[in-house]
1. What shape does the stretch B:19-77 have by the C-alpha gyration tensor, where a ≥ b ≥ c are the square roots of the eigenvalues, rounded means a/c under 1.5, and otherwise prolate means a/b greater than b/c and oblate the rest?
2. What average number of partner chain Cβ atoms lie no more than 10 Å from the Cβ of the residues making up B:34-46?
3. Quick check for me: using +1 on Lys/Arg Cβ and -1 on Asp/Glu Cβ, what's the dipole size of the protein assembly as shown about its Cα centre, in debye to the nearest 20?
4. Which order results if A:L33, A:L21 are arranged by neighbouring Cβ count within 10 Å, fewest first?
5. With springs only between Cα atoms under 10 Å, which of B:Y95, B:Y47, B:Y33 fluctuates most in a Gaussian network model of chain B?
6. Please list, ordered by chain and number, the residues whose modelled amide H lies under 5 Å from the amide H of B:Y31; skip anything fewer than 5 residues away on the same chain.
7. With unit charges on the beta carbons (Lys and Arg positive, Asp and Glu negative) and the dipole taken about the Cα centre of the protein assembly as shown, which residue among B:G16, A:G60, A:S46 sits farthest to the positive side?
8. Whole-Hz ³J(HN,Hα) for each residue in the stretch A:6-15, computed from phi via Karplus 6.51 cos²θ - 1.76 cosθ + 1.60 with θ = phi - 60°, x for glycine and proline: what do you get?
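Just so it is clear, none of the values below were taken in a lab; they were calculated from the coordinates. Please read these numbers as outputs of a predicted model, since none were measured by experiment. All Cβ positions, glycine included, derive from the backbone under ideal geometry; neighbour counts span all protein chains shown.
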Amino acid sequence: KQEVTQIPAALSVPEGENLVLNCSFTDSAIYNLQWFRQDPGKGLTSLLLIQSSQREQTSGRLNASLDKSSGRSTLYIAASQPGDSATYLCAALPMTTDSWGKFQFGAGTQVVVTP
Amino acid sequence: NAGVTQTPKFRILKIGQSMTLQCTQDMNHNYMYWYRQDPGMGLKLIYYSVGAGITDKGEVPNGYNVSRSTTEDFPLRLELAAPSQTSVYFCASRYRDRGSPREKLFFGSGTQLSVL
């Protein structure tokens with residue numbers, strides 16, 4: 001069964017510093033991996049989706065990389081701002097038949113960007 | 001563009017009561033999901049559907065039921081509510097198009113449910 005881990009569980013950085021968020025998965029047979037942002041009391045918002053054939057995906061200050069061989073994805077947020085404070089979750093979509101269509105989520109990394 | 005709409009946003013139930021959480025999407029997505037999120041934990045899949053009339057169990061289906069009579073709607077039914085069902089419930093949907101950016105997962109804003 002696919003296991004997705006996000007370490008650390010919480011992170012605090014000063015404004016302007018680059019953020020590096022980690023996501024590890026145990027089974028490299030995935031269709032895609034997504035990164036989400038969750039604000040307190042809100043639903044999840046998709047930030048980036050990386051297909052299994054891609055190495056990275058970029059949107060503005062966000063860049064996500066995918067290394068299936070090592071079972072890792074990294075989300076980089078450049079020049080962090082207080083508005084980036086949120087919980088960031090990753091989710092892998094397995095290829096295995098018994099996991100068809102079922103995303104496996106990490107528990108998330110809670111980020112605080114201090115002014 | 002409404003996206004994924006969930007109702008209600010908050011609900012308090014007494015032990016043994018029943019209720020239905022509503023979820024509707026207007027993006028013509030074929031896949032729909034129900035998750036629960038407990039503090040400090042990732043999302044756990046309750047049920048999912050790959051199209052109208054087709055549903056299947058996720059990791060934690062006990063105490064819940066679903067139906068999918070239309071593409072748009074995917075209600076979640078709680079029978080005989082228990083304190084262990086206190087959680088935040090999220091509905092989500094996506095379009096299945098393998099290898100396409102359209103496979104992004106879209107979430108509703110959630111329902112905070114307390115069972116006392």
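1. prolate
2. Mean partner shielding for this stretch: 4.
3. 320 debye
4. Least to most surrounded, the residues fall as A:L21, A:L33.
5. Evaluated over chain B, the most mobile residue of the options is B:Y95.
6. B:R94, B:R96
7. Towards the positive end, the residue furthest out is B:G16.
8. 10, 10, x, 6, 8, 8, 10, 9, x, 3
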